[in-house]
1. For the chain, set up a GNM with springs between Cα atoms under 10 Å and report which of Ala291, Ala363, Ala61 has the largest fluctuation.
2. Which shape class applies to the stretch 168-252: rounded if a/c is under 1.5, otherwise prolate when a/b exceeds b/c and oblate if not, where a ≥ b ≥ c are the square roots of the Cα gyration tensor eigenvalues?
3. If the viscosity is 1.002 mPa s and the temperature 20 °C, what Stokes-Einstein diffusion coefficient in µm²/s follows for the stretch 36-115 when Rh is the Kirkwood radius over Cα pairs?
4. Would you mind computing, in nm to one decimal, how far apart the modelled labels at Glu226 and Val348 are, each placed 7 Å from Cα along Cα→Cβ?
5. Taking just the alpha carbons, could you work out the radius of gyration and Dmax for the stretch 282-356, both in angstroms?
6. Under a GNM of the chain (C-alpha, springs under 10 Å), which listed residue has the highest mean-square fluctuation: Ala139, Ala103, Ala412?
7. Measure out, as a whole number of angstrom, how far apart the alpha-carbon centroids of the stretch 208-283 and the stretch 144-162 sit.
8. Which of Arg256, Arg230, Arg330 moves the most in a Gaussian network model of the chain with Cα springs under 10 Å?
Amino acid sequence: MPDVLIAGAGPTGLLTAFELERAGVDVLVLERDAAPATQSKALGLQPRSVEVLADRGLLAALEPHVQAKLPAGHFSGVPIDYTDLPTSFPYQLGVEQAHVAAAIEARLRTPVRRGAGVTAVVPDDEGVTITAGGREHRAGWLVAADGGHSTVRSLLGAAFPGRAARISLVVADVTLAAKPAGLADAWSLPAGASGYLLPLSGGRYRTIVFGEEQQKLGRDEPVTTEEVQRALTNAHGPGLEVGEVLWASRFGDASRQLEHYRHGRVLFAGDAAHIHLPVGGQGLNLGLQDAVNLGWKLAATVRGTAPAGLLDSYHDERHPVAARVLVSTRAQAVLGVPDPDAAAVREVVTGLLAVPEARRAVAAELSGLGVTYPGITGRATDVPASADGRAVLVGAAVPPGWAGRVEGREGAAPRLVRPDGYVAWAGGPGLEEALHRWLGASA
Ligand SMILES: Cc1cc2nc3c(=O)[nH]c(=O)nc-3n(C[C@H](O)[C@H](O)[C@H](O)COP(=O)(O)OP(=O)(O)OC[C@H]3O[C@@H](n4cnc5c(N)ncnc54)[C@H](O)[C@@H]3O)c2cc1C
């Protein structure tokens, strides 16, 4: 019997599994789809996610698939310069989500079980019994990373407050039979919030459109080549001819967040916990950061060494971060509305974002580098994670009783670095307190 079951082999579920396995926990990932996704919703990673993947040795496998290193993020299409961000990766890494998921999955010890959609969840005081792919599974804990339409969320009747979608968009990957001269063939920032056409590898192009036609069609209406052609002709004029629609999907700007990320022995992460318009490239990154925050806390809980409240600190730390992203994406959506008054606000905001301090504040949010938690003094990107998911104590002797629970390292700047890379103590008094708070009672 595994220690932890994970519903969903999207990037969130896979990285949670990786983090748990790294810490010596037995995991089984159950995925509804029969085969790994070959199509990607997200096309990029924000700097904090790149830092985390690099730290875990997962970046090298992505290198062959990197299409761009964009020196800026964007706020509703307004470029936000990243070049002076305090990181070794001051750019958005243009890499398709399917490659990110595949790179993480390739490093799991236990293969993902596919064609195993979760259809029933019965939690009790000691664990969770689920039905997936017609079979029963039991473990002490379940991580629900089964995406925006989370079955686990519905089965548990978990409140998911927010608001329904008001606009409807189409994402499509297409080949072009003909294209007008001057159509960009390199990655650049989206021209505006109203949609874009971006070259991918292998002669594919990614487009997102949300014209009047999309607003009239129902959410479950299939996307036709004709609809994509009409939208692209509207946006780019004649001369652009769609060859084949390789993948298309409708999505909206629903904005919702779980009230509680923990429901007893079930923990929610990624899109299962929060959904919003994918403007500014935030969703995948939120999910990856949920995973690295939850992984070590759940591992310590499984081992029985977690201090009181550690697992609940996952909700306490991560809920406000996604809540802020929901605010940001709603604001960005308003700026993109094709309306003269929205255009006026956009003009004012664009001006404000040219002010260095304002730009830096927004860059910190979008990049994920500005994320911090109560009692945390920052990230320690110069302190590589321990191979087995332990905390790292730099530049100070490991106090008696803590050997084995924390990896000691030489270093000039004293720090206690949590397994997710955040600094819980930075010299001076308070080391014992930090050890107790994050690692539990000394052995
Ligand atoms: C058009 C578009 C563009 C986007 N662009 C970006 C971007 O540029 N940057 C960014 O950061 N984010 C972007 N996002 C958001 C990003 O794609 C999501 O936030 C991300 O996929 C979340 O990952 P996840 O693992 O939480 O969920 P998902 O990727 O949805 O994975 C959930 C997994 O669970 C599986 N599953 C579902 N039900 C069950 C079940 N009952 N049992 C078992 N398995 C189940 C699914 O098959 C899937 O594999 C975009 C989204 C869209 C729609």
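1. Ala61
2. prolate
3. Estimated diffusion coefficient is 158 µm²/s.
4. That separation, rounded to one decimal, is 4.4 nm.
5. Computed over the Cα atoms of the stretch 282-356, radius of gyration and Dmax are 18.8, 58 Å.
6. Among Ala139, Ala103, Ala412, the largest GNM mean-square fluctuation belongs to Ala412.
7. Between the Cα centre of the stretch 208-283 and that of the stretch 144-162, the gap is 19 Å.
8. Highest fluctuation of the listed residues: Arg230.
Bear in mind that the values in this text are calculations on the coordinates, not laboratory data. Model, not experiment: these values are computed from the prediction. Quick reminder, even Gly has a Cβ in these numbers, built from the backbone with ideal geometry, and neighbours come from all protein chains shown.
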